[in-house]
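See below for the structure under consideration.
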Amino acid sequence: MTQPLHRVVIVGGGAGGLELAANLGRQYGPRHVFLVDKDDTHIWKPSLHEVAAGTLDIHREGLSYFMLAKDCGFSFVHGALQSLDRAGKHITIGPVHADTGDEVLPERVLAYDTLVMAVGSKSNFFGTPGAAQYATALDSTEQAERFRLKLLHALSMANRNKAMGEGRPINIAIVGGGATGVELAAELLEAYASFTYYGLDQLDPGHDCHIALLEGADRILSNLPPKMSTAARSLLEERGVTVYTSVRVAAVEEKHLIDSEGGRYPADLCVWAAGIQAPLFLTGLGLETNRIQQLVVDAQLRTQDADIFAIGDCAQAPWLGQEGYLPARAQVAHQQASFMLKLIKSRIAGQPEPDTVFKFKDYGSLVSVGHSRGVGSLMGVLSGKSWFVEGLLARFMYMSLHLLHHKAVLGPVRTASLALGRLLMKRGAPRVKLH
Ligand SMILES: Cc1cc2nc3c(=O)[nH]c(=O)nc-3n(C[C@H](O)[C@H](O)[C@H](O)COP(=O)(O)OP(=O)(O)OC[C@H]3O[C@@H](n4cnc5c(N)ncnc54)[C@H](O)[C@@H]3O)c2cc1C
């Protein structure tokens, strides 16, 4: 008698989910492995600050899930997860509509034997008045593109006004001095230099555009070693960014931020990068969630339902060997995808699951502080020591994270051709997106 087909459904094709789907797909094929995503194109989320600054063109960066499905051997199901029926072991995927409102795909039901939730996270405004209305979050390509256009228009207007002798500086405020806020500030400096190079020549760097980074803790990059905070801060300040620490933003207005002491900070454009929460719909699935809506999982990444797992930013997983929970980082999502691969293989084979638990190996953190600079702290996993790296080396290592993700999905040969192709295309394109 043939074994019934074990169906693995992965919801969310980001840093963790796509790697898992690609690796499983290559081994078991599209009748076993299903990837569901609300979008039809995969993006590497850590690139979104570059999209927002215009230094990366998202139309060249995205990878079609339909192409990836064909190449990696999984089935792609386009649409957002709408509901979960644990008793019936199926999920419902909502219809997909075109911009015109026409229904492109209807509501569908997908049965699973193993379900892996990998739907990521989005910004947490912590209920700050005005934040959702006036600040831009960098959770999606649409938001990053919207910010880029706002920036381009604001700079064009400032350039025109200055030419007419009516100049006033543009103030950009970034709330949150974690890796995303720091990298965005650095990327905006690069973009600004390129905009002036391409014709906004009335603008004087350092005078006509001010970037402020506001952090609630007493140092930026507060989750990383103090040496990295000091190095990143001095690199940003050297290049004209104003860094405020121990400042809690209490309200966002159309042109200002207000802190908890009543201090006001000018903000023509405001980006919110101050914390994350998992998507709200997770709280309606009948599974345990925490106060930031993440699914609570055990050391095997399993929810309270034996057939449902969660990985990446949408999961609250214990950090074995440390206090607390694993951080929301691409490195965690990547390692969890590898862990799940082994566990799911036994489930597909109908064998007892290994009783191993997920142990995160922290290889350190790298933060890009410009196209030729980075700072980082690399962990010697065996020795437990950490090394501080800086400059071009740190920047190259930072870029290799993206390549490693592509390699896990596309394999080494296609990753190399893609990287080469993008490098060559850069030669024929402006340094910053101008339209
Ligand atoms: C600007 C920025 C810079 C960052 N820089 C770094 C960095 O340098 N290093 C680092 O380690 N981390 C960085 N991060 C964090 C990193 O991006 C995340 O930790 C990582 O992407 C999490 O992976 P994931 O698979 O959990 O989720 P994601 O990569 O966010 O993927 C989630 C997927 O789920 C899909 N989805 C969501 N809801 C649904 C639904 N209802 N139905 C179907 N699909 C759905 C989404 O479309 C998406 O494809 C950065 C994040 C941002 C925003």
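The values are calculated or read from the model by the stated rules, or taken from the named source; none is laboratory data. Values in this document were obtained by computation on a predicted structure and should not be read as measured data. Glycine gets a Cβ as well: all are built from the backbone with ideal geometry, and neighbour counts include every protein chain shown. The accessibility values were calculated without ligands, DNA or RNA, using every heavy atom of the protein model including side chains. Shrake-Rupley method; radii C 1.70, N 1.55, O 1.52, S 1.80 Å.
What are the residues whose amide H is under 5 Å from the amide H of Phe309, where those residues sit 5 or more places off or on another chain and H is modelled from the backbone? Excluding prolines and chain starts, which carry no amide H, the hits are Leu115, Val116, Met117, Thr303. Could you give the distance between the Cα centres of segment 134-150 and segment 1-78, to the whole Å? Using only Cα atoms to place each centre, the spacing works out to 23 Å. Comparing His42, Ile91, Gly176 along the charge dipole axis of the chain, the residue lying farthest to the positive side is His42, per the Cβ-charge model.
Taking Asp204, Asp57 and ordering them by how much accessible surface each has at a 1.4 Å probe, largest first, produces Asp204, Asp57. The calculated FRET efficiency for the pair His97 and Ser234, based on their C-beta separation and a Förster distance of 51 Å, comes to about 0.55. The listed residues Thr283, Thr289, once ranked by accessible area (1.4 Å probe) with the largest placed first, stand as Thr283, Thr289.
Normalising the Debye intensity of the chain to I(0), with uniform scatterers on Cα atoms only, and taking log10 at q = 0.07 Å⁻¹ returns -0.36.
Sites counted here are GluC sites (Glu not before Pro) in a DSSP loop (not H, G, I, E or B) having no more than 16 other Cβ atoms within 10 Å; the longest part of the chain that contains none of them is 324-435.
Overall, the chain carries a charge dipole of about 1100 debye about its Cα centre when +1 sits on the Cβ of Lys and Arg and -1 on the Cβ of Asp and Glu, all other atoms neutral.
Between segment 80-99 and segment 265-324, the alpha-carbon centres lie 20 Å apart.
Out of all DSSP beta bridges in the chain, what portion is antiparallel? Express it as a percent rounded to 5. Looking only at bridges with both residues in the chain, the antiparallel portion is about 50 percent.
Short-range pairs are left out: with C-alpha atoms under 8 Å and at least six residues apart, the relative contact order of the chain is 17 percent.
If you plug the beta carbon distance of Ala419 and Phe281 into 1/(1 + (r/R0)^6) with R0 = 51 Å, you get a FRET efficiency near 0.90.
Put simply, the amide H of Val369, placed in the peptide plane, has neighbours under 5 Å in Gly374, Val375, leaving out anything fewer than 5 places away on its chain. Taking every DSSP helix (H) stretch of at least 4 residues in the chain, weighting each as -39,500 (n - 2.57) and dividing the sum by the residue count yields a mean residue ellipticity at 222 nm of -10500 deg cm²/dmol.
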